[in-house]
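The values are calculated or read from the model by the stated rules, or taken from the named source; none is laboratory data. Everything numeric in this text was worked out from a predicted model, so none of it was measured. Using ideal geometry, Cβ is built from the backbone for each residue, glycine included, and neighbour counts are taken over all protein chains shown.
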Amino acid sequence: MASVAGMSSTESVGTWEDHWKTYLPTPGEKWIVQCRQQLLEKAIGRLSARCRHALTIVEAGCGAGHNSYGVAKKGNFVLALDLSAEALATHCALYPASSVSLVLADIYHMPLPDDSVDLLFNAGVLEHFTDSQKQAILREFARVLRPNGILFITVPGCCSFWRAWRSISRRLDFGYEEYHTPRSIAKIVELGGFDVLEKGGIDPLSLNTFLLRFLGIVLPLRGLPCGLSTEVFVLARRSADATGRGEPRSNGAGEGRLELRDTRR
C-alpha cells in the first residue's frame, strides 16, 4: 500500500512490515476470502464472456494475496503488488506453489502501462486513506485499467461485528481507518471515474464465520441489511471519460513500467 493518512511513507511501511511479520490468517478471515472469491469469479466470468484476449488481473495492495492465489489457481494471469516486502514474503510462505507475479510497488504510482489491466481489485485497502488520497488512488486505477475495465473493492462495513470487536479489544491498530456502507463507498468510486455496476454486503453480522467454524454449515445471509455486513463491496467499470492518463511514471525505485506478459509455462 501507499502511505497511511497522518503518517509518513516510512512510518506507514514500518507499521505494515511489523504486522506481516507476525501475521496468521484466522478462520473468520478465511470465510471472508471465500466470499470475495465468489464475487471475483463472477466479475471474471463477465469479462471473459466479452474479451477475446487472455485477461490481465491485478491486486493493488495485496497483503498476503489470498484472493490473488485463488484467482490464479483458476488459470488466470495475476499480478499482485504491495509496498510491504513482508506482505509479499508472507504470500510466498503461505502459498509456495503460487503462480502469482509479485511486485514491490506503491498503489499511487503503479509501474504498469496505461490501459493495460482488465480487472483490478483490492480488499481492505481504501479505508486507510483520506477522501483526497482515495481519489488520487482511484485516478491511478483508472489510468491502468482498459476502457470498460472492471474494478472490485471491499472495505469494512460501518456497523459490522468486526468494528465493534476492534473498538472493545483495541487490537489490530492500523492507524487511520474508515468504515462504509455500500452507498458511501460506491459514491467515492463514482467520483473517481467509475460507473458502479453492483454494490452490497459480505457476511452480515459475521454469523456465517462462526457457523462455518464450529458447525460446518453456511446460511444464505446475503439478503440481510448490507449495513450489518463485515465487509461491503463495489463492482464498477471504468467510465469512458475517466481521467488519470498522463506521462509514464516510475515505480519509485528508478525502474520503468512493467511489460505485462503471462510468462507461465
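Some notes on this structure:
- Tally of residues being surrounded by fewer than 24 Cβ atoms within 10 Å (Cβ to Cβ) and not in a helix (DSSP H, G or I) across segment 65-75: 2
- Residue that is modelled with the highest pLDDT, among those in segment 176-194 that are of a type in the set (Ser, Thr, Tyr) and out of contact with any strand residue (DSSP E or B) (no Cβ under 8 Å at 6 or more places or on another chain): Ser184
- Residue match in segment 51-61 (condition: surrounded by 23 or more Cβ atoms within 10 Å (Cβ to Cβ), assigned to a helix (DSSP H, G or I) and either at pLDDT below 90 or in contact with a helix residue (DSSP H, G or I) (Cβ under 7 Å, 6 or more places away or on another chain) (or both)): no
- Taking residues in segment 37-49 that are closer than 15 Å to Ser68 by Cα, and partners anywhere that are among the basic types (Lys, Arg), the pairs with Cβ atoms closer than 8 Å and at least 6 places apart or on different chains are Glu41/Lys74; Ile44/Lys74.
- Top-ranked residue in segment 87-130 [being assigned to a helix (DSSP H, G or I) and surrounded by 19 or more Cβ atoms within 10 Å (Cβ to Cβ); ranked as nearest to the chain's Cα centre (by Cα)]: Leu126
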